[in-house]
Amino acid sequence: MEHMTGDGDAAPTHDAQRMELSKTFKPSWIWAVALGSAVGWGAFVLPTDWMSTAGPLGAILGFGIGGALMLIIAVSYGTLIRTFPVSGGEFAYALSAFGRNHAVLCGWFLTLGYICIVALNASALALLARYVLPDIAEQGRLYEVAGWDVYLGEVLIATLALLIFAYLNIRGTTLSGRLQLVFCVVMLVGVASMLVGVLLHPDGQLGDIQPMFPDDKSAWAAILAIVAIAPWAYVGFDNVPQAAEEFAFSPRKAFRLIVAAITVAAMVYAAMILVTAGATSWTALVAEDPRWGTGDAVSDLFGDVGTTLLAISVSMGICTGLNGFYLAASRLLFAMGRGQMIPSVFARLHPVNRTPYIGIAFVCGVCLVAPWFGREALLWVVDMSAVGVTIAYTYTCLVALRLSVRPDAVLGPDAPQQQLETVRSRTSARTQIVGLLGVLTGLAFLALLLVPASPAALSQESLTALAVWVVLGLVIYLLRRKENAKLSDERLSYLVLGRD
């Protein structure tokens with residue numbers, strides 16, 4: 001084993017095959033990873049779509065309720081981060097409680113979700129360029145995919161963004177962590193400035209937003225439609241456990257950081273809905289079916305100054321998403337490679353920077369293909385990736401529930417008695433109820449995505465993409481089954497969870 005010290009130097013111990021990441025992440029960086037990944041580009045690009053679905057108040061209430069449900073799930077994350085401070089997050093948790101098959105299932109779907117979100121953030125940057133710099137982004141029309149014109153200019157913009165953030169992540173966690181915090185602070189200052197501007201502007205309508213809900217559906221149906229997308233809207237707080245092995249602080253702090261991130265994310269979503277609805281008549285804006293409704297609303301009220309401020313804010317949101325999900329995806333691949341669930345090359349660390357560079361390069365390589373397919377086709381894949389993220393949420397809550405009921409079944413039969421007693425001392429009927437509520441919440445979200453009658457049911461294209469991903473995962477699993485069978489459960493537990 002090769003333990004990595006905080007300064008990146010390797011200290012050899014009894015086994016040269018297990019690599020561990022350096023402990024360099026500060027609490028503020030982890031908070032920024034959770035917040036920036038959860039907010040991303042959607043808060044700035046999609047308020048018009050959300051108001052079309054639920055109206056301003058319906059959208060705000062939907063995100064508030066969705067955030068509260070995420071907090072229930074976050075309790076399980078806080079418990080398991082403290083118990084298993086290792087890379088891999090949900091993959092490692094599923095392995096500890098349910099074995100390798102469940103771990104592979106969870107890790108495979110979560111990998112899909114993370115990679116899709118990296119690709120979508122890169123395409124969002126190209127979409128922003130279409131609005132702000134159309135002369136550059138809309139150069140060299142190539143073809144049309146699902147009604148979306150693909151331009152060489154936007155492909156190059158997305159490609160450049162993917163390459164830059166891959167490089168930054170390979171360079172090390174100190175650089176990416178500091179940048180993440182800066183991006184988040186700039187984004188929050190921009191959001192606050194726009195909200196105050198709409199409130200104080202003489203032509204602002206923040207004090208008289210009407211109607212609060214759409215006329216064609218009930219208030220509850222409108223709110224539920226927004227609640228259903230909460231796993232997608234807040235995905236990113238679950239990046240925190242992926243970096244747990246790299247905490248330069250006690251894992252006990254992780255839950256508070258997650259709660260703070262989800263709370264601020266809900267406020268950002270609400271603020272940008274209010275900015276869009278308060279800058280102009282939201283019903284008229286929705287009727288126009290604009291390319292970027294929030295951009296049009298802010299531009300009409302504030303002119304070029306507002307457009308620039310909004311562009312900076314959404315750029316920061318996109319950058320935090322790219323950075324955060326590069327980190328999460330590469331750490332998940334690192335953990336799966338370390339456990340030999342996928343080729344062990346993914347467990348290699350950069351010889352100088354001590355980062356999982358193979359995983360970072362893999363994510364970059366896969367995502368570089370995405371811009372060539374157009375944004376509409378990419379959205380089909382991203383929509384179905386919400387299923388993968390929700391599966392990971394549900395597994396986490398199941399593991400936390402099992403830990404509270406049978407700690408020996410999760411920690412292992414050889415777990416130190418002191419550790420078992422510590423877990424039992426933290427367990428109460430309340431923790432078990434919260435774990436059960438988290439499981440039910442995850443299953444409810446899955447039902448909203450997969451039941452055809454649901455207001456948030458996946459499209460046929462997304463279901464087809466999901467089926468392809470499931471088949472691909474099954475093929476890879478069968479091809480590696482004999483190889484994985486050679487690895488004992490004790491050895492696998494050691495490689496993934498660090499159990500001696």
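Straight-line reach from Lys26: which lysines fall under 19 Å, measuring Cα to Cα and dropping same-chain residues less than 8 apart?
Of all the lysines, those that pass the test against Lys26 - Cα under 19 Å, at least 8 places apart if same chain - are Lys253.
Please tell me the relative contact order of region 310-425 in percent, rounded to the nearest whole number, where contacts are Cα pairs under 8 Å and at least six residues apart.
Values: 66 pairs, mean separation 15.2, N = 116.
Relative contact order comes out at 13 percent.
How large is the dipole of region 164-320 about the Cα centre if only Lys and Arg carry +1 and Asp and Glu carry -1, each at its Cβ, rounded to the nearest 20 debye?
Numbers: 7 positive and 12 negative charges, 177 e Å.
The dipole magnitude comes to about 840 debye.
Take peptides 476-485, 389-398, 461-470, 359-368 and line them up by average Cβ neighbours within 10 Å, highest first, as a rough protection proxy.
Values: 476-485: 11.8, 389-398: 26.7, 461-470: 17.0, 359-368: 21.2.
Averaged packing, sorted descending, gives the order 389-398, 359-368, 461-470, 476-485.
Normalised radius of gyration for the chain, please: alpha carbon Rg relative to 2.2 N^0.38 Å, two decimal places.
Values: Rg = 22.4 Å, N = 500, 2.2 N^0.38 = 23.3 Å.
Working it through for the chain, the quotient is 0.96.
Run the numbers on region 172-319 and let me know its relative contact order in percent, using alpha-carbon pairs under 8 Å that are six or more apart. Could the numbers behind the result be given before it?
Values: 100 pairs, mean separation 61.6, N = 148.
Relative contact order, region 172-319: 42 percent.
Taking each full run of DSSP H in the chain as one helix, which ones are at least 30 Å long along their axis (Cα atoms) and have mean Kyte-Doolittle hydropathy of at least 1.6? Don't skip to the end; give the middle numbers.
Numbers: long enough: 47-83 (43 Å, 1.05); 100-132 (48 Å, 1.27); 173-200 (40 Å, 1.95); 254-279 (37 Å, 2.04); 304-338 (50 Å, 1.01); 375-405 (45 Å, 1.18); 429-450 (31 Å, 1.86); 460-485 (36 Å, 0.71).
Helix filter hits for the chain: 173-200, 254-279, 429-450.
Taking Cα pairs under 8 Å and at least six residues apart, what relative contact order does region 363-500 come out at, in percent?
Working: 77 pairs, mean separation 36.6, N = 138.
Once divided by the residue count of region 363-500, the mean separation gives 27 percent.
Sorted by packing (mean other beta-carbon atoms within 10 Å per residue), highest first, where do 308-317, 227-236, 193-202 land? Let's see the in-between values first.
On the way: 308-317: 22.5, 227-236: 25.8, 193-202: 15.9.
Most protected by this proxy first, the peptides run 227-236, 308-317, 193-202.
Could you work out what % of the accessible surface of the chain is carbon and sulfur, using a 1.4 angstrom probe and leaving DNA, RNA and ligands out of the count? Intermediate values should be presented prior to the final figure.
Numbers: 12670 of 19820 Å².
Answer for the chain: carbon and sulfur cover 64 percent of the accessible area.
Can you give me the P(r) profile for region 298-347? Cα pairs, bins 5 angstrom wide beginning at 0, each as a whole percent.
Bins of 5 Å from zero give 5, 21, 12, 11, 10, 9, 8, 7, 6, 6, 4, 0 percent of pairs.
Between Gly207, Thr280, Thr422, whose Cα lies farthest towards the positive end of the dipole of the chain when Lys and Arg beta carbons carry +1 and Asp and Glu beta carbons carry -1, centred on the Cα centre?
Thr422
Determine by what factor the alpha-carbon radius of gyration of region 54-158 differs from 2.2 N^0.38 Å, reporting the quotient. Don't jump to the answer; show the numbers that get you there.
Details: Rg = 20.1 Å, N = 105, 2.2 N^0.38 = 12.9 Å.
So region 54-158 has a normalised radius of gyration of 1.56.
Over region 154-236, how many percent of alpha carbon pairs lie in each 10 Å bin up to the one with the longest distance?
13, 20, 33, 23, 12, 0
What is the dipole size for the chain, taken about its Cα centre, with +1 at each Lys and Arg Cβ and -1 at each Asp and Glu Cβ, in debye to the nearest 20? Don't skip to the answer; put the middle values down first.
Details: 30 positive and 34 negative charges, 393 e Å.
It comes to approximately 1880 debye.
Listed highest first by mean packing, meaning other Cβ atoms within 10 Å per residue, what order do 61-72, 433-444, 406-417 come in? Walk me through the numbers on the way to the answer.
Values: 61-72: 21.5, 433-444: 19.2, 406-417: 13.7.
Those peptides, ordered most packed to least, come out 61-72, 433-444, 406-417.
If you average the C-alpha positions of region 231-302 and of region 44-67 separately, how far apart do those two centres end up, in angstrom?
With region 231-302 and region 44-67 each reduced to a Cα centre, they are spaced 11 Å.
Dipole of region 114-271 (Lys/Arg Cβ +1, Asp/Glu Cβ -1, origin at the Cα centre): which of Asn169, Ala266, Gln139 lies farthest to the positive side?
Comparing the listed Cα positions along the dipole, Asn169 ranks first.
Once region 260-299 is represented by equal point scatterers at the alpha-carbon sites, with solvent omitted, what log10 I(q)/I(0) does the Debye formula produce at q = 0.35 Å⁻¹?
-1.12
How large is the helix-only mean residue ellipticity at 222 nm for the chain, computed as the sum of -39500 (n - 2.57) over DSSP H runs with n ≥ 4, divided by its residue count, in deg cm²/dmol to the nearest 500?
Details: 21 runs with 353 residues, N = 500.
About -23500 deg cm²/dmol.
Hey, which aspartates and glutamates would be in cross-link range of Lys482, C-alpha to C-alpha under 20 Å, not counting anything within fewer than 8 residues on its own chain?
Answer for Lys482, where 20 Å is the Cα cut-off: Glu490, listed by chain and number.
Quick check for you: which residues of region 29-55 have the amide N under 14 Å from the point 7 Å beyond the Cα of Arg178 toward its beta carbon?
29
Please give the length that would be gained between Asp216 and Glu461 if that part of the chain were fully extended, namely 0.36 nm times their separation in residues minus their C-alpha to C-alpha distance (nm, one decimal). Write down the numbers at each step before the final one.
Working: separation 245, 0.36 × 245 = 88.20 nm, distance 2.62 nm.
Stretched fully, the Asp216-Glu461 segment lengthens by 85.6 nm.
Give the accessible surface of the chain per residue, rounded to a whole number of Å², with probe radius 1.4 Å and ligands, DNA and RNA excluded. Could you put the intermediate results ahead of the total?
Values: 19820 Å² over 500 residues.
About 40 Å² of surface per residue is accessible.
Considering the Cα trace of region 270-332, what is its radius of gyration and what is Dmax, both in angstroms?
Just the Cα atoms of region 270-332 yield Rg and Dmax of 14.8, 45 Å.
The values are calculated or read from the model by the stated rules, or taken from the named source; none is laboratory data. Because the structure is predicted, anything quoted here is derived from the model rather than measured. Note: ideal-geometry Cβ built from the backbone for every residue, glycine included; neighbour counts use all protein chains shown. These accessible areas exclude ligands, DNA and RNA; they are computed on the full protein's heavy atoms, side chains included. Shrake-Rupley method; radii C 1.70, N 1.55, O 1.52, S 1.80 Å.
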